[in-house]
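Before any comments, here is the structure.
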Amino acid sequence: MGNCCRRPARCAHVASPDSQTSHPMKEIFFIQETSNPQSGKTSSTTTKSNVSPSSGLMSYNFNDLRNVTGNFKTSNLIGEGGFGQVFKGWIDESTLATSRQGVGMVVAIKKLDPESFQGHKEWLAEVNYLGHLNHENLVKLVGYCSESKYRLLVYEYMPRGSLENHLFRKSVQPIRWATRMNIAIGIARGLSFLHSLKTQVIYRDLKSSNILLDSDFNAKLSDFGFARDGPVGDKTHVSTRVLGTGGYAAPEYIATGHLSTKSDVYSFGVVLLELLSGRRALDDRVGESNLVDWSRPFISDRKRILRIMDTRLCGQYSKNEAQTAAALAVNCLNLDARIRPSMTEVFTTLEQFRTPNDYLRTQSREPGRSCNKSPPSFNYKTTPNRNTNLNKM
Ligand SMILES: Nc1ncnc2c1ncn2[C@@H]1O[C@H](COP(=O)(O)OP(=O)(O)O)[C@@H](O)[C@H]1O
Ligand SMILES: [Mg+2]
């Protein structure tokens, strides 16, 4: 049996020993990696070291971060994940040193639960990956703090928050079709970049709460806590602990612990379904409602595909694009991982539907004020016990 995390939707279980990712607590391992987002080429060697200035990251004092968030006060709280809370803070734009509340450039400061061992490992993975990778569709890490038991991360602030909030929060204006497609393209591009690196990176925790949006709704992958290096040589997968989130994790990974880039492709298929349908991967409002299971009969039939579409789009979407996206989701969700497309293929398919941001900015944001629909929910009965333990799924 594995240990379940605090937030049931995201669980980490030790299904098999994972010697390659277990870092000694007192040392920081990081991947010295130089990457070229255009060519996707990188060289990578793993060394044992303290976080070095070569990572280009700022090292912050705990006290300074505490002060600039007003002692982590609730009014500065902007999000909460499986392993920590995220607060607004301010830094000087040119020196990147902490400023005063409300002065300078806004940043997001994640404070990991000081008592959590898993939290430390997550922190380490984020420093390792985000500190050395640079791409338009990955959130930028500005710096970190490692002081006694405290582990914090300082990121660029993403003003529109997470995709999850935009898709599922009742109080938030629904995002329109063209924006949804652009978001899917951004996610696909970010994953394709990670999978094309010389040492592939598997993101492992793709879900709408880990996708952040900038002021123009450009999508960036954040939260690299569960990311890890992919297989080398002619290996197709790495054997690892089952980590991730119920509803998004690929079935073969849950069953065997075999992790591959195709596991990310499956999760992408789930997020694509969320974008199309406006329904959560797992909806705990009605028992355990699994979006993939529910939508399979509809998305496998071109004529019935439109039945799953988010009613808050008020019918304002291209039928052809919706059908292509749904067919793509079917491929990504194939139970045979080998048949799933690569993220680069997914990106190429979706890219044709990109709408320039400039054009979107000139249009009204809402998909259709007149139809005024509320978020859809599952209206059927499923298994009463919500089961988010990945080992048992
Ligand atoms: N850079 C950021 N800008 C704005 N909001 C953020 C940022 N980083 C995180 N958040 C908010 O905090 C939430 C949790 O962050 P996340 O990094 O996923 O934490 P965890 O590792 O605990 O899951 C996100 O879903 C988002 O709402
Ligand atoms: Mg998260």
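Determine by what factor the alpha-carbon radius of gyration of region 66-122 differs from 2.2 N^0.38 Å, reporting the quotient.
Cα Rg divided by the expected 2.2 N^0.38 Å: 1.18.
Return the sequence-ordered ³J(HN,Hα) values of region 121-127 in whole Hz as given by the Karplus equation 6.51 cos²θ - 1.76 cosθ + 1.60 applied to θ = phi - 60°, using x for Gly and Pro.
In residue order, the calculated couplings are 5, 5, 4, 4, 5, 5, 5 Hz.
Could you sort the peptides 56-66, 208-218 by per-residue average Cβ neighbour count (10 Å cutoff), highest mean leading?
Top of the packing list down: 208-218, 56-66.
Over what distance in Å are the Cα centres of region 222-239 and region 151-165 separated?
Here the answer is 24 Å between Cα centres.
Suppose every Lys and Arg Cβ carries +1 and every Asp and Glu Cβ carries -1, with no other charges. What dipole size does region 256-361 come out with about its Cα centre, to the nearest 20 debye?
The dipole magnitude comes to about 320 debye.
Where does each of 338-351, 137-150, 219-232 land if you order them by average Cβ count within 10 Å, highest first?
So the order, starting with the most tightly packed, is 219-232, 137-150, 338-351.
Enumerate the amide H contacts of Ala97 below 5 Å, restricted to partners 5 or more residues apart or on another chain; note that Pro and chain-start residues carry no placed amide H.
Sorted by chain and number, the residues that satisfy this are Asp92.
Sort out for me the Cα centre separation of region 176-221 from region 264-335, rounded to whole Å.
Their Cα centres are 17 Å away from one another.
Per the Debye formula with a single identical scatterer at each Cα and no solvent contribution, what log10 I(q)/I(0) holds for region 166-216 at q = 0.24, 0.31 Å⁻¹?
One equal scatterer on each Cα of region 166-216 leads to -1.01, -1.31.
Amide H to amide H, which residues 5 or more places from Val142 or on other chains are under 5 Å from it, using H placed in the peptide plane?
Correct list: Val154, Tyr155, Glu156.
Alpha carbons only, please: Rg and Dmax for region 281-321, in angstrom.
Looking at region 281-321, its Cα Rg and Dmax stand at 11.8, 33 Å.
Tabulate in residue order the Karplus-calculated ³J(HN,Hα) for region 90-106, using 6.51 cos²θ - 1.76 cosθ + 1.60 with θ = phi - 60°, rounded to whole Hz; enter x for Gly and Pro.
9, 10, 6, 4, 8, 8, 6, 6, 4, 10, 10, 3, x, 10, x, 9, 6
For Ile78, what residues show an amide H to amide H distance below 5 Å, using hydrogens built from the backbone and excluding near sequence neighbours?
For Ile78, whose amide H was placed from the backbone, the distant partners under 5 Å are Val86, Phe87, Lys88.
Consider just the alpha-carbon atoms of region 82-189 and return their Rg together with their Dmax, both in angstrom.
Calculated on Cα positions, Rg and Dmax stand at 15.7, 47 Å.
Is there a pair in Lys235/Lys319; Lys140/Lys319; Lys111/Lys207; Lys140/Lys207; Lys111/Lys220; Lys140/Lys262 whose C-alpha atoms are over 30 Å apart, and which pairs would that be?
Lys235/Lys319; Lys140/Lys319
Relative contact order of region 184-334, please, whole-number percent, based on alpha carbon pairs below 8 angstrom and at least 6 residues apart.
Details: 218 pairs, mean separation 29.7, N = 151.
For region 184-334, the relative contact order is 20 percent.
Residue by residue through region 131-136, which ³J(HN,Hα) values in whole Hz follow from phi under the Karplus form 6.51 cos²θ - 1.76 cosθ + 1.60 (θ = phi - 60°), with glycine and proline marked x?
Each residue's phi maps through the Karplus curve to give x, 10, 9, 9, 7, 3 Hz.
Throughout, read-outs are computed from the coordinates displayed, never taken from laboratory work. Please read these numbers as outputs of a predicted model, since none were measured by experiment. Cβ atoms come from the backbone with ideal geometry, glycine included; neighbour counts cover every protein chain shown.
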